[in-house]
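Everything below concerns the one structure shown next.
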Ligand code: ADP
Ligand code: NI
C-alpha cells in the first residue's frame, strides 16, 4: 500500500469550497442523487483510495462533483461538464488538476449492461467503484425504489422481461420496472468493479440484494 501525501491547508480550502457547491447543488434532489449520496460516495472513495494508493485530492474532488452534470439532469452536458468545470474554476485550482478531475468524472457513469468501459486511471477506477457500491446493498435497494417512484415506474411487472441494454441510448430511455433494474444493472455491478478493496465490500451487498429479490418474488407469487 502506498502512502498518499497528507492534504495541505490549500487542498483543505479547495475541498471545503467544492463541498459547499456540491451540497447546495444536490440539496433538493429526490431521485437518489441527494447530497447524502454524494457524501457517501465521497467517504467510500476516500476509503478505497487509501487502500489502493490513489491520489486523494483528485479522488475527493471528482467524487464531490461526479453527479452535477449527470445525464438524468435536464439539459446536462456529460462531455463538457459545465457545472463541475465552473465549480473547479471558482476554486481556482491548477489547470492540470482541473483537466484530470473532469476526466475522472467523465469515466464514472454506468452506461448499460453491455457498455462497460474500464476507466484508464486508478483515480477514476476508485470513484467509479465508490459510486457503484452506493447502488448496491440496502442503500442501493432503497435508492432504486426511490428513483423508480420518482419516475413513476412500476415496482414490478411480471409481463415485462429484463433487457440487457446494448447502448447507452437504450439504457437511458429505459422505463422498466424497478425489479427489472436489479437484473439490468444492480446484480451486474459486483463483476464490474475495478479494485480489490471495492470487490470485498461488494460481496455482502450483492448477497443481500439477491436475497431481497428472491423474497420479493416469493411474496409476489404467494408461495410462502
Ligand atoms: P449513480 O448515481 O450510482 O451513477 P444512477 O445515476 O445510474 O446511479 O442512478 C441513481 C440511482 O437510481 C441508482 O441507485 C440507480 O440504481 C437507480 N436507478 C437508475 N435507473 C433506474 C431504473 N430504471 N429503475 C430503478 N432505479 C434506477
Ligand atoms: Ni452517483
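Read the figures in this text as sums done on the coordinates, not as results from a lab. All figures in this text were calculated on a predicted structure; none of them were measured in a lab. Counting neighbours? That spans all protein chains shown, and the Cβs are built from the backbone with ideal geometry, glycine included.
Here are some notes:
- Failed criterion for residue 175 (all others in (1) touching a helix residue (DSSP H, G or I) at 6+ places or on another chain (Cβ under 8 Å); (2) without any contact (Cβ under 8 Å) to a residue 40 or more places away in the chain; (3) over 23 Å from residue 46 (Cα atoms); (4) more than 8 Å from ligand 1 (Cβ to nearest atom) hold): (4)
- Counting the residues of region 211-224 that are touching a helix residue (DSSP H, G or I) at 6+ places or on another chain (Cβ under 7 Å) and not in a loop (DSSP other than H, G, I, E, B) gives 3.
- Test: residue in region 66-73 that is assigned to a helix (DSSP H, G or I), touching a residue at least 40 places away in the same chain (Cβ under 8 Å) and within 16 Å of ligand 2 (Cβ to nearest atom): no
- Scanning region 123-140 for residues that are within 10 Å of ligand 1 (Cβ to nearest atom), farther than 14 Å from residue 63 by Cα and assigned to a helix (DSSP H, G or I) yields 139, 140.
- Complete set of residues in region 185-200 that are surrounded by 19 or more Cβ atoms within 10 Å (Cβ to Cβ) and in a helix (DSSP H, G or I): 186, 189, 190, 197, 198
- Qualifying residue in region 81-92 (condition: in contact with a helix residue (DSSP H, G or I) (Cβ under 7 Å, 6 or more places away or on another chain), within 15 Å of ligand 1 (Cβ to nearest atom) and in contact (Cβ under 8 Å) with a residue 60 or more places away in the chain): no
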